[in-house]
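Report on the structure given below.
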Amino acid sequence: MTNTLVVSAHPEPKSFTHAWARATVDAARGFGEVQTSDLYAMGFDPAERAELYGHEGRFDPLRVQEEAVAAGSLPADLAAEVAKIRAADLLVLHFPIWWFGAPAMLKGWIDRALVHGALHLVEERFEKGPCIGKRALICCSTGCRAAECGPDGREGDLRLQLWPLAHALRYCGFTVLAPECVHEVHGYHEAPTRDAFAARIAGVLDGQGALLDGLGDRPVWASNPAGDFDALGRLLPGAPVLSPFIRHP
Ligand SMILES: Cc1cc2nc3c(=O)[nH]c(=O)nc-3n(C[C@H](O)[C@H](O)[C@H](O)COP(=O)(O)O)c2cc1C
C-alpha cells in the first residue's frame, strides 16, 4: 500500500492542473491512502515570516523553524503539512509553469512546509535526509510547445526550470522521478486544433492511472551522489556531469 500526497497549486478549480491532480487522486486511491494539499483552496500562506511564529527580534527562519519543531510549537498549517509529508511514500506535485518556474504559491509551500529541523537538518540532508525512501513526481504543464522548452528552446530548458524544485526535494532525501510535462496547454486553441487539444488532454487524464501504475519503472531524475563531491562540496574531477546546474568549472 502506498500513501500518496498530492499537492496542487492553481487558483482555478476548473483548470487543467486541477483536472490532472484529480486524475492522480483517483488513480492513487487504487493503491492506498491519498492525502491532498490544494494550496489555493486551503488558503495556504506562502510567505514565511516572524509573525507566523509569534517571533520577536531578529528573524532567522532556519533557527526559528528548528526551535519551533523542538518546542512542538510549529504553526498549525506547517505541522499539518509536515505530518502529511512524513506519512507519504509518494509526493506528486501538480502545477503550471509560471514565468519559467513554479507559481509563487508552490515555491512558498517549499519554503515553509519543508521545515528545517523536521524534514532536513544540517547533518541530515540529501542521502541522509529524513525523506529517504520517499519518491516524488513533478507533473507540470507549459503554455509553450515542447520544442520551445527543450535543451535548445528559446524559453529555456524546462529541466533546468524545474531543477531547483527537484533539488529542494532531493535535499530532504526524496528520490525524484523523471518529471511528467504536458505542453501547449492554454485557452487560445481555435478550431481545428481545439478538438485535437481536447482529445490530447483527455488522453493525459485517462492515462494517469497507467502512469502511476508504471512508477516502479520510471527513471529516477539523476543527480550526483555524495561520493561525487570533495570535502568542500565540489564536484570531483572525473565525476559525471548530470546537469548544467552542477558541472566542472
Ligand atoms: C503568470 C503566468 C506565467 C506563465 N509563464 C509561462 C512560462 O514561463 N512558460 C510557459 O510555457 N507557459 C507559461 N504560462 C502558461 C501556463 O503554463 C499554461 O497556461 C498552463 O500550464 C496551463 O495549465 P492550466 O490550465 O492548469 O492553467 C504562464 C501563465 C501565467 C498565468
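Computed from the coordinates by the stated procedures, all read-outs in this text should not be read as laboratory data. Predicted model only: the values in this text are computed from it and were never measured. With ideal geometry, Cβ positions are generated from the backbone for all residues, glycine too; neighbour counts draw on all protein chains shown.
For the chain, find the longest principal axis of its Cα atoms and tell me its angle to the long axis of helix 61-71, 0 to 90°, nearest 10. That helix lies at roughly 70 degrees to the long axis. Taking the Cα atoms only, what angle lies between the long axis of helix 158-171 and the longest principal axis of the chain, rounded to 10 degrees? Roughly 30 degrees, rounded to the nearest 10. Placing dummy labels 7 Å off each Cα toward the beta-carbon, the span from A50 to D111 is 1.6 nm. Under a cut-off of 18 Å between alpha-carbon atoms, report the lysines in cross-link reach of K107, not counting same-chain residues fewer than 8 places apart. The reachable lysines, counting only those whose Cα sits under 18 Å from K107, are K84. Across the stretch 4-218 the C-alpha pair distances fall into 5 Å bins from zero in the proportions 1, 7, 14, 18, 19, 17, 11, 7, 4, 2, 1, 0, 0 percent. Note on E123/R200: beta-carbon distance plugged into 1/(1 + (r/R0)^6) with R0 of 45 Å gives a FRET efficiency of 0.45. Per-residue extension of 0.36 nm, minus the Cα-Cα distance of A210 and H186, leaves a gain of 6.2 nm for this segment.
The distance between label points at A104 and M42 comes to 1.9 nm (points 7 Å beyond Cα on the Cα→Cβ vector).
Relative to the dominant Cα principal axis of the chain, helix 76-87 is inclined by about 70°. Within the same chain, aspartates and glutamates fewer than 8 places from K134 are excluded, and of the rest, those with a Cα less than 18 Å from its Cα are E33, E81, D89, E124, E180, D213, D217.
Each peptide in 19-28, 229-238 was scored by the mean count of other Cβ atoms within 10 Å over its residues; highest first, the order is 19-28, 229-238.
With a 10 Å Cβ neighbour count serving as the proxy for reagent exposure, in which order, fewest first, do I138, I85, I110 appear? Write down the numbers at each step before the final one.
Numbers: I138 21, I85 24, I110 17.
Neighbour counts put them in this order, fewest first: I110, I138, I85.
If you count, for each residue, the other Cβ atoms within 10 Å and average over each peptide, how do 180-189, 161-170, 111-120 line up from highest to lowest? The partial results should precede the final answer.
Values: 180-189: 16.0, 161-170: 19.6, 111-120: 21.3.
Ranking, from highest mean packing down: 111-120, 161-170, 180-189.
Over all pairs of different C-alpha atoms, the stretch 126-249 has a mean inverse distance whose reciprocal, the Kirkwood radius, equals 16.7 Å.
Take the Cβ-Cβ distance between K14 and A87 as r, set R0 to 25 Å, and report the resulting FRET efficiency rounded to the nearest 0.05.
Details: r = 29 Å, r/R0 = 1.17.
Working from the Cβ atoms, E equals 0.30.
Projecting the Cα atoms of C149, L114, Q35 onto the charge dipole of the chain, computed from C-beta unit charges around the Cα centre, puts C149 farthest toward the positive end.
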